[in-house]
1. With the Cα gyration tensor of region 69-133 in hand, convert its eigenvalues to equivalent ellipsoid semi-axes via √(5λ) and list them largest first in whole Å.
2. Using R₀ = 60 Å, calculate the FRET efficiency as 1/(1 + (r/R₀)^6) where r is the Cβ-Cβ separation of residue 305 and residue 105; round to 0.05.
3. So how do 344, 162, 173 line up by other beta-carbon neighbours within 10 Å, fewest first?
4. Based on alpha-carbon centroids, what's the gap between region 349-416 and region 434-492 in Å, whole number please?
5. Gain in length, residue 56 to residue 405, computed as 0.36 nm per residue apart minus the alpha-carbon separation, to one decimal in nm?
6. Taking Rh as the Kirkwood radius, which is the inverse of the mean 1/r over Cα pairs, what is the Rg/Rh value for region 428-492?
7. Pop the C-beta distance of residue 268 and residue 469 into the FRET formula with R0 = 25 Å and round what comes out to the nearest 0.05.
8. So what's region 321-413 giving for Cα Rg divided by 2.2 N^0.38 Å, two decimals?
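Read the figures in this text as sums done on the coordinates, not as results from a lab. Since the model is a prediction, treat every value here as computed from it, not as a measurement. For neighbour counting, all protein chains shown are included, and Cβ atoms are generated from backbone atoms with ideal geometry for every residue, glycine included.
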């Protein structure tokens with residue numbers, strides 16, 4: 001934030017009269033509209049009891065009210081999970097042809113290798129559902145829901161290392177400082193529950209490779225937007241949010257008096273310098289107070305039926321697991337949380353794919369399926385967009401030693417697979433095609449900008465019109481280059 005600029009925008013007479021004139025024009029124009037038109041416009045701009053958000057959003061009738069993003073941090077091996085490449089069996093241990101690699105930039109982890117031997121997937125695939133999608137034996141529950149999801153096999157990015165790649169897909173830029181997807185949605189659409197954050201993040205445990213990539217809070221940060229739009233991270237154990245419980249000797253009445261007094265002091269500060277962050281601080285303190293009652297209720301699973309718990313699997317009983325987080329995501333969706341993002345780490349299989357990948361898929365396979373089925377059974381899937389995927393893909397050639405039983409895979413940005421479900425997304429669709437090596441895209445490429453444009457589109461937002469003025473530019477989640485929603489997977 002730039003306090004001087006914000007002060008000038010907030011306090012100058014020119015800005016005041018400009019904003020006042022525009023504000024008076026809206027009711028004046030509305031008064032000239034027929035009653036039915038006014039009612040339709042009200043429904044379009046406010047959604048269902050949305051709190052906060054921008055008055056001109058959504059831009060059009062949304063297919064989804066909320067989104068849940070299951071982020072597999074570290075990059076899943078697409079050719080071992082969702083992009084079946086049977087012709088690679090006959091290429092075992094042969095060098096990747098230069099006609100396929102085409103001089104592609106490599107990471108420092110494999111750039112020194114003398115050879116790039118082909119490592120076919122050791123896992124069996126089966127054709128499933130009406131779409132005929134090929135799914136790995138590592139995802140038995142995904143096999144049962146291929147007709148509920150759209151698989152996109154041709155997502156691609158320019159980033160080849162984890163930190164810039166995950167920053168890129170989460171914020172629209174490889175360099176830190178931009179607002180995250182969830183923050184954009186909080187800013188634009190507001191929330192449907194005043195007692196819970198509009199954007200919640202969870203970072204569950206994992207059982208695969210323990211030496212996982214770090215996660216930074218900028219991935220759910222608000223960047224140039226006000227800090228009240230940043231994601232609230234729930235902890236795996238203890239108080240879900242730090243300092244949620246009152247300290248010994250402090251009751252709710254005392255806490256309320258303290259916050260009232262603090263709000264008066266902060267208001268005096270705002271009156272003096274007009275820094276919008278001061279107002280954000282006031283609202284965050286108030287949210288924290290309301291969360292003292294709403295979060296414990298959210299975390300209390302005692303009301304969930306045994307059938308529901310069994311659907312998510314045995315790990316749902318353990319605090320901090322992916323299964324527990326998936327069930328919490330459904331509970332948040334029920335309570336009007338706009339955006340939930342679960343970062344599951346440990347997918348960076350540079351070696352020991354045979355040992356680590358089955359553990360990772362075991363963590364997420366049944367819970368991800370259960371989340372989709374749970375939402376469907378409750379009549380919520382049509383209004384809830386679910387996204388699954390990582391920051392890039394992995395190489396068909398082996399990093400390090402290669403055998404029929406085990407191998408490693410390096411980073412690969414040119415193609416990788418994700419899936420989407422609910423929220424106006426077609427089920428039983430496989431979109432895009434990669435070559436026999438799962439190395440290059442041959443049909444229907446989908447850039448990560450297109451992926452983010454699709455998410456915004458399903459929530460009723462035209463990504464080109466959704467901007468925020470910062471450093472002299474109209475900032476957008478999708479940046480300045482061309483982006484297009486993936487219409488082939490969107491219900492008409």
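1. Details: eigenvalues 131, 63, 22 Å².
For region 69-133, the ellipsoid semi-axes come out as 26, 18, 11 Å.
2. After rounding, the FRET efficiency stands at 0.70.
3. 173, 162, 344
4. 22 Å
5. Going from the current span to full extension adds 120.0 nm.
6. Radius of gyration over Kirkwood radius for region 428-492 works out to 1.07.
7. E(calc), rounded to 0.05, equals 0.35.
8. On the way: Rg = 16.4 Å, N = 93, 2.2 N^0.38 = 12.3 Å.
Region 321-413 yields a ratio of 1.33.
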